[in-house]
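Let me begin by presenting the structure, written as C-alpha cells, before commenting on it.
The values are calculated or read from the model by the stated rules, or taken from the named source; none is laboratory data. The structure displayed is predicted, hence computed values, not measured ones. Note that we place each Cβ from the backbone using ideal geometry, even for glycine, and neighbour counts take in every protein chain shown.
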Amino acid sequence: MMRAKQLSLGQAMAYLDKNQTGAWQDLSESKIIYLDDLSGRLQEIEKEKKAVKIIATRGQANCDSRSTIEGDEDFFLSCLVIGHNGDKSGEVEKFIRHLNSCYKCFQVYSEVIGDYCEHSRGLS
Amino acid sequence: MSNRNQNNHSVPKGLRFTFDELLSHCGNVSSPYWQGAWSEFDQRYGKFIYKKVAERCAALRPPRLKLQFSETVEDIVSEVQRTLFKDDCRAIREFRGRENENIFLAWLKQICYRGTRAYLRRHYKEYFSETNSESLDFLHTSPPDLEDLNRWEVYEEIVHSLRDAAARNARNTERDINIFLLYAMGGFSAEMFKYNPLLSHLGDRVVDVVVNRVRTKVRSNSRLSR
C-alpha cells in the first residue's frame, strides 16, 4: 500500500493509537485508507502474537549495507503492540542491544519513533 | 611538490643533510647529529606540518572549540611532534619509503590528518558529555568533509566506552546507553520518552537520572582516554 502523501510512518503510528478518539475525522480519504491498512496489520500482529518474534528477528539481523528496520512497517507496528502489552521474553532488551551496536538502525529508529512520540504528544 | 623530490644523495642548498641522511639521523637517538637533524627537520617540514593540520582542522570545522583556531592548530602540531618522537622516534626510524621524498610527505600528511582527527574526536566526545541535545544541531548538518569524523564514529566510541566501563552483570546497561544516545544524538526530549513504546514503562525521573549518570561516565572516560 502506497503511503498517503504527507503522513509519515511515525505520524501514522500516533494516529493508530488514537483511532477511537475521533482524531482521524479531519484526515483526507487517502490517509484514512493508509491508516486502515496499517490498522489491519496491527490487529493481525496482535492477534497472532507475532510482535515479539518480529522484534527478535530484527535484533538478530546483520545490517551490512542497510538497516534491517528501514521502511519496516511490521517492525514499528510490533513496537506499538509491545508498548501496550509489555515484554517478558527479553527480546526487546536484545533488540536495544542491537540498536546500540548498529548506528544505521539507531538512525532509522530515532527518526520514526521520534516522529511518533512528537505526534502522540501533539494528539494527546 | 615535484621540486621537493630531491635526489636522496644530494644536499639541498643551505641545508646540511641529504633526505636519506636526515631521516637516518632523526630516527637514531644515539646519533651525534640527532639534535641538528631534528632542527633541520623542523626547518624543512615544520611549515608543511602546520599547513596540513590547519587545512584539516579548517575542513572539519570543529564547532565551539574552546581555544582559538590557531591555538588549536598549535596544540595538534605538538601532538603530531609527540607522535614523531614517541618511542625514540620509532615512526621515523621504521619509515620505509626513503627512496622518494614525496612518499615521505604523503606519509607525514597522513600523520597530520590522523593527529587532527584524534584531537577533534576527543573534543567532540567531551562536547557530547557537556552539552544538551538542543545544541548538537551541527551534527545533523555535517559537511561532507566530516566523512571520516562522522556521527557514527562518536556513537560507536561512546557505546564502546560505556560497555567497557559497565560493571559485570550490571542491570539496565544497554537500556541506559540507549536512553543517553536517544537524548544526546537522537534529539529526544525527556517528555518524548513517555511515548517511546520500547521504554514506555520508565518513571518520570528515570530519564533525567540516567542521562546525567551516563553523561558523567562519558565525561570521565573521555578524560581517561587522553
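Figures for the structure shown
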quantity: Any chance A:LYS53 is within 12 Å of another protein chain (Cβ to nearest Cβ), basic (Lys, Arg) and surrounded by fewer than 23 Cβ atoms within 10 Å (Cβ to Cβ); calculated: no
quantity: Search result, residues across the stretch B:170-190 that are modelled with pLDDT under 90, surrounded by fewer than 22 Cβ atoms within 10 Å (Cβ to Cβ) and more than 7 Å from every other protein chain (Cβ to nearest Cβ); calculated: B:ALA170, B:ARG171, B:ASN172, B:SER189, B:ALA190
quantity: Residue among A:CYS105, A:CYS117, A:CYS63 that alone is outside any helix (DSSP H, G or I), buried (at least 17 other Cβ atoms within 10 Å of the Cβ) and of a type in the set (A, V, I, L, M, F, W, C); calculated: A:CYS63
quantity: Subset of the stretch B:191-226 that is within 14 Å of another protein chain (Cβ to nearest Cβ) and at pLDDT below 85 - its residue that is surrounded by the most Cβ atoms within 10 Å (Cβ to Cβ); calculated: B:VAL218
quantity: Residue pairs meeting the criteria (Cβ under 6 Å; at least 6 apart or on separate chains; first under 16 Å from A:SER110 (Cβ atoms), in the stretch A:53-73; second among the aliphatic types (A, V, I, L, M) and in a helix (DSSP H, G or I)); calculated: A:SER67/A:VAL108; A:ILE69/A:VAL108; A:GLU70/A:VAL108
quantity: Members of the stretch A:59-68 that are closer than 20 Å to A:LYS49 by Cβ and either hydrophobic (A, V, I, L, M, F, W, C) or within 14 Å of chain B (Cβ to nearest Cβ) (or both); calculated: A:GLY59
quantity: Hits in the stretch B:88-107 (condition: assigned to a helix (DSSP H, G or I) and either touching a helix residue (DSSP H, G or I) at 6+ places or on another chain (Cβ under 9 Å) or on the phi < 0 side of the Ramachandran plot (or both)); calculated: B:CYS89, B:ARG90, B:ALA91, B:ILE92, B:ARG93, B:GLU101, B:ASN102, B:ILE103, B:PHE104, B:LEU105, B:ALA106, B:TRP107
quantity: Residue check, A:ILE45 part of a helix (DSSP H, G or I) and surrounded by 14 or more Cβ atoms within 10 Å (Cβ to Cβ); calculated: yes
quantity: Filter result (in a helix (DSSP H, G or I), closer than 18 Å to B:THR173 by Cβ and more than 9 Å from every other protein chain (Cβ to nearest Cβ)) within the stretch A:69-93; calculated: A:GLU91
quantity: Count of residues meeting criterion [closer than 22 Å to A:GLY90 by Cα and either touching a Leu at 6+ places or on another chain (Cβ under 8 Å) or touching a residue at least 60 places away in the same chain (Cβ under 8 Å) (or both)] in the stretch B:160-175; calculated: 2
quantity: Test result for A:LEU27, more than 14 Å from every other protein chain (Cβ to nearest Cβ) and crowded, with 18+ Cβ neighbours inside 10 Å; calculated: no
quantity: Meets criteria (over 30 Å from B:LEU182 (Cβ atoms), in contact with an Asp or Glu (Cβ under 9 Å, 6 or more places away or on another chain), surrounded by fewer than 17 Cβ atoms within 10 Å (Cβ to Cβ) and at pLDDT 85 or above) for B:ARG93; calculated: yes
quantity: Check on A:SER101, more than 21 Å from A:GLN11 (Cα to Cα), free of Cβ contacts under 8 Å to residues at least 12 places away in the same chain and either of a type in the set (Gly, Ala, Ser) or facing chain B (nearest Cβ under 9 Å) (or both); calculated: yes
